[in-house]
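Inspection log for the structure reproduced underneath, given as structure tokens.
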Ligand code: ADP
Ligand code: ADP
């Protein structure tokens, strides 16, 4: 069974005569264990697509199944619950909480899910070790390099064992070498079985994924 299945998704913004067709009849399937890049230039619809896949926004029409769930049949009230269960987000600008250390940033999603603090801390420590930050647990974001902050964010995305990691321009704020290290980490996590969907405008970065879905002007072109 696919993890992500979009069929004939349309999404528009605004009203005539300023209506924008951001996604036009988009269909795609992503299986568990894939490492997929969604590649397209600015304005092609990537953010719109990410917001739909990420349960942040809804399409005008078409169907979206995530992990076997038909999202059309889910009430609005559980979108945020499903978002937390199904998706670990990684952003260009890391989005860590400045006043908390790495450990607590990573433990938070577990605390929200009702884990006890000791257990959450234990899992967060193991996850930080997994991304190579075992020695930076008690540093706050402003005491970490950009690459280290992104590793914390990746640990946070991993810690809840969501089936999907959804990464939006994850190397966009990093220099080339550090960006490559983050992509190498994604590759390792993918080899360990994690499903990763990465959004980018950069061909070279997309090339690190195992499959590239190209979007242009709201259409999937290949
Ligand atoms: P990308 O992430 O690839 O740059 P977007 O999904 O942000 O593309 O945008 C796709 C199209 O939809 C663009 O033409 C953009 O101007 C338009 N768009 C995006 N968000 C809005 C919005 N809130 N209101 C109106 N138009 C929007
Ligand atoms: P501040 O130093 O600004 O008061 P906090 O007290 O919120 O910051 O957090 C300091 C550190 O204490 C965090 O980085 C985290 O390791 C730990 N911490 C924060 N909140 C809790 C909590 N609810 N339970 C246990 N430890 C916490």
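The values are calculated or read from the model by the stated rules, or taken from the named source; none is laboratory data. The shown structure was predicted, so the numbers you read here are calculated from the model rather than taken from an experiment. In this analysis, Cβ positions are derived from the backbone assuming ideal geometry, glycine residues included, and neighbour counts consider all displayed protein chains.
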Taking segment 201-222 only, how many residues are surrounded by fewer than 18 Cβ atoms within 10 Å (Cβ to Cβ) and assigned to a helix (DSSP H, G or I)?
2
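Matching residues to (1) in contact with a helix residue (DSSP H, G or I) (Cβ under 6 Å, 6 or more places away or on another chain); (2) under 23 Å from residue 152 (Cβ atoms); (3) without any contact (Cβ under 8 Å) to a residue 40 or more places away in the chain:
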position: 40; (1), (2), (3): yes, no, no
position: 44; (1), (2), (3): no, no, no
position: 72; (1), (2), (3): no, no, yes
position: 80; (1), (2), (3): no, yes, yes
position: 91; (1), (2), (3): no, yes, no
position: 99; (1), (2), (3): no, yes, no
position: 102; (1), (2), (3): yes, yes, no
position: 114; (1), (2), (3): no, yes, yes
position: 136; (1), (2), (3): yes, yes, yes
Looking at (1) part of a strand (DSSP E or B); (2) touching a helix residue (DSSP H, G or I) at 6+ places or on another chain (Cβ under 8 Å); (3) over 17 Å from residue 95 (Cβ atoms), find the lone condition where residue 198 falls short.
(3)
With respect to residue 158, is the statement that it is within 17 Å of the chain's Cα centre (by Cα), closer than 17 Å to residue 84 by Cβ, at pLDDT 95 or above and within 16 Å of ligand 1 (Cβ to nearest atom) true?
no
Does residue 149 fit the bill of being part of a loop (DSSP other than H, G, I, E, B) and either out of contact with any strand residue (DSSP E or B) (no Cβ under 9 Å at 6 or more places or on another chain) or over 30 Å from residue 7 (Cα atoms) (or both)?
no
Hey, residue 133 hits all of (1) surrounded by fewer than 22 Cβ atoms within 10 Å (Cβ to Cβ); (2) in a loop (DSSP other than H, G, I, E, B) but one; which does it fall short on?
(1)
Check whether at least one residue in segment 53-62 is more than 15 Å from the chain's Cα centre (by Cα), under 22 Å from residue 167 (Cα atoms) and away from ligand 2 (no atom under 16 Å from the Cβ), and report yes or no.
yes
For segment 53-70, name all the residues that are closer than 23 Å to residue 112 by Cα, touching a helix residue (DSSP H, G or I) at 6+ places or on another chain (Cβ under 6 Å) and assigned to a loop (DSSP other than H, G, I, E, B).
55, 57, 67
Check segment 25-34 and report whether any residue there is surrounded by 18 or more Cβ atoms within 10 Å (Cβ to Cβ) and within 13 Å of ligand 1 (Cβ to nearest atom).
yes
Heads up, the strands (runs of 3 or more DSSP E) in segment 1-52 (entirely inside) with at least 2 residues that are farther than 27 Å from residue 162 by Cα are 4-13, 20-30
Looking at (1) free of Cβ contacts under 8 Å to residues at least 40 places away in the same chain; (2) in contact with a strand residue (DSSP E or B) (Cβ under 6 Å, 6 or more places away or on another chain); (3) within 13 Å of ligand 1 (Cβ to nearest atom), can you tell me which one residue 59 breaks?
(1)
Quick check, is residue 84 away from ligand 2 (no atom under 16 Å from the Cβ), in contact with a helix residue (DSSP H, G or I) (Cβ under 9 Å, 6 or more places away or on another chain) and assigned to a helix (DSSP H, G or I)?
yes
Which ones in segment 109-122 are buried (at least 18 other Cβ atoms within 10 Å of the Cβ) and within 10 Å of ligand 2 (Cβ to nearest atom)?
120, 121
Before we move on, is residue 99 surrounded by fewer than 18 Cβ atoms within 10 Å (Cβ to Cβ), at pLDDT 95 or above, within 16 Å of ligand 2 (Cβ to nearest atom) and outside any strand (DSSP E or B)?
yes
